[in-house]
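Here is the structure we will look at, set down as structure tokens.
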Amino acid sequence: MKSLTIHPSANLQGQCRLPGDKSISHRALLFNAIAEGEARITNFLPGEDCQATLGCLRDLGVRVEQEDATTLIVHGVGLRGLRAPAAPLNCIRSGTTMRLLMGLLAGQAFDTTLTGDEQLLRRPMERVAAPLRQLGARMETTNGRAPLWIQGGPLNGGQVEIAVASAQIKSALLLAGLYAQSAVTVVEPGPSRDHSERMLSAMGASVEKNGLRVTIQPAARLNALSIQIPGDVSSAAFLIAAAVLAPHSQVKLLDVGVNPTRTGLPDMLRNMGAQISIEDAHMQGGEAVANIHVQTSQLKAVTVSGETVVRMIDEFPIFAVLATQAKGATIVRDAAELRVKETDRIATTAEELNRLGADVTPTPDGFIIKGPTPLRGGEADSHGDHRLAMALAVAGLITSEPLTVTNTHCIGDSFPGFEGLLRGLGARL
Ligand code: S3P
């Protein structure tokens, strides 16, 4: 089992680029696969999760050439060009792959089975299957989870209200909407990331947004879209936190995606008193991109709730590490979704940080973190969760003794090259 030992570090300096955004990489592949024409995707995230999407699309008959690890040429097969796979599609540990495919495959002229690793087979899938069934989709879950069986066929239009603010559920419904007999409207309880809406529109689909409602019209075709994927702000979060926490640090992260549906963490950090600025913002392929400048900062506690939770849903393990060093009681609520991520992130984050001497009280929908508390080194475990693994590694920069994080293979799910980038900024690991 792979592990990573981090030594207390200071003086992180320099600038770097992040691997491509995971959410946008999945979508660039999936949507171009069913478009007409050829698309070149650069700065594609070569992480395991996106490789899962690539593998499934190849099994569905899509030809994708790989110029190098981060440059792909997708030969679109058109909306009706996917072929029945010979075997169940393996989504590995990628929730996004499975949930978006559920929407895409519901309207095909063939049946599919979706499966994945043990970690993915524990995650809830009825939250996607049930709203898709409202459009007439035929699919069965295994006690609410994968493996899933999808009987492809015609879909109806209509309005579907979803119970959680989730871009995965919304995107599955929008993909189904491309194949439906009339318009599909999705109504969300809160504003989740909108990469699907932006990209599908740029590819020629008719997508209309009105507050928390988004309507897609059935499509005759999508046009291939070549795109350069922005750096992943959710990966940047770990380097931002490293620079905030390690003494005497100053770091610049280049070309990071700063879509406002994703920037909850930098916004909260600013409220906590961190010196962080977003510079040179510009649009690139329908998404906002900017440089993020950050330096060592003293933090004060804040409360995170409501829509901000959705805007930083993947950042809570690293946010919890930051909160252990903030003065006062940081409160996170309305974040029960964290319990159904790669792990139950409320339980696993609290357990591992408390082991290091933090004061984290888990609650049903979040945590209360009292700080600042010194952290000790020793050993911490990722529980197989990539974001917890990296959060703990960053905590190791400020522990009193070296910290060994076990089970770190999973970092490659979303952030291949994490160790090298951190080392390049001067961290000792
Ligand atoms: C994602 C949406 C979020 C996020 C996940 C990626 C996406 O999940 O946690 O890492 O690409 O649509 P939910 O839609 O379940 O909130």
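The values are calculated or read from the model by the stated rules, or taken from the named source; none is laboratory data. All of these numbers come straight from a predicted model, not from anything done at the bench. Every residue, glycine as well, gets a Cβ built from its backbone with ideal geometry; the counts of neighbours run over all protein chains shown. In case anyone asks, the SASA skips ligands and DNA or RNA and just uses the protein heavy atoms, side chains included. Shrake-Rupley method; radii C 1.70, N 1.55, O 1.52, S 1.80 Å.
May I ask you to verify whether Leu225 is within 22 Å of the chain's Cα centre (by Cα), in a loop (DSSP other than H, G, I, E, B), crowded, with 22+ Cβ neighbours inside 10 Å and at pLDDT 95 or above? Taking the combined requirement at face value, the residue satisfies it. Once the stretch 318-342 is narrowed to residues that are away from the ligand (no atom under 12 Å from the Cβ), in contact (Cβ under 8 Å) with a residue 60 or more places away in the chain and of a type outside the set (A, V, I, L, M, F, W, C), the residue that is farthest from Arg387 (Cα to Cα) is Gln325.
Only one entry in Asp111, Asp68, Asp49 is in contact with a strand residue (DSSP E or B) (Cβ under 8 Å, 6 or more places away or on another chain) and among the acidic types (Asp, Glu), namely Asp111. Away from the ligand (no atom under 16 Å from the Cβ), assigned to a helix (DSSP H, G or I) and among the β-branched types (Val, Ile, Thr) - does that describe any residue in the stretch 343-353? The answer is no; no qualifying residue exists. Among the candidates Thr361, Thr373, the residue that is of a type in the set (Val, Ile, Thr), part of a loop (DSSP other than H, G, I, E, B) and more than 26 Å from Leu45 (Cα to Cα) is uniquely Thr373. Tell me, please, whether a residue that is out of contact with any Ser or Thr (no Cβ under 6 Å at 6 or more places or on another chain) and of a type in the set (Asp, Glu) can be found in the stretch 219-239. There is at least one residue in the stretch 219-239 that is out of contact with any Ser or Thr (no Cβ under 6 Å at 6 or more places or on another chain) and of a type in the set (Asp, Glu). When Leu29, Leu4, Leu54 are checked against the criterion of being touching a helix residue (DSSP H, G or I) at 6+ places or on another chain (Cβ under 7 Å), more than 14 Å from the ligand (Cβ to nearest atom), of a type in the set (A, V, I, L, M, F, W, C) and assigned to a helix (DSSP H, G or I), a single residue qualifies: Leu54. Among the residues of the stretch 277-291, those that are out of contact with any Gly (no Cβ under 9 Å at 6 or more places or on another chain) and either crowded, with 20+ Cβ neighbours inside 10 Å or in a loop (DSSP other than H, G, I, E, B) (or both) comprise Gly285, Gly286.
Taken over the stretch 84-119, the residue count meeting the criterion of being closer than 18 Å to Leu222 by Cβ and either in a helix (DSSP H, G or I) or out of contact with any helix residue (DSSP H, G or I) (no Cβ under 8 Å at 6 or more places or on another chain) (or both) is 8. Taking the criterion of being among the β-branched types (Val, Ile, Thr) and touching a Leu at 6+ places or on another chain (Cβ under 9 Å), the only residue of the stretch 264-288 that qualifies is Ile276.
Annotation: of all residues in the stretch 295-314 being under 25 Å from Asp194 (Cα atoms) and open to solvent by 30 Å² or more (accessible area, probe 1.4 Å), the one that is farthest from the ligand (Cβ to nearest atom) is Thr303.
Of all the residues in the stretch 365-407, those that are surrounded by fewer than 24 Cβ atoms within 10 Å (Cβ to Cβ) and among the basic types (Lys, Arg) number 2.
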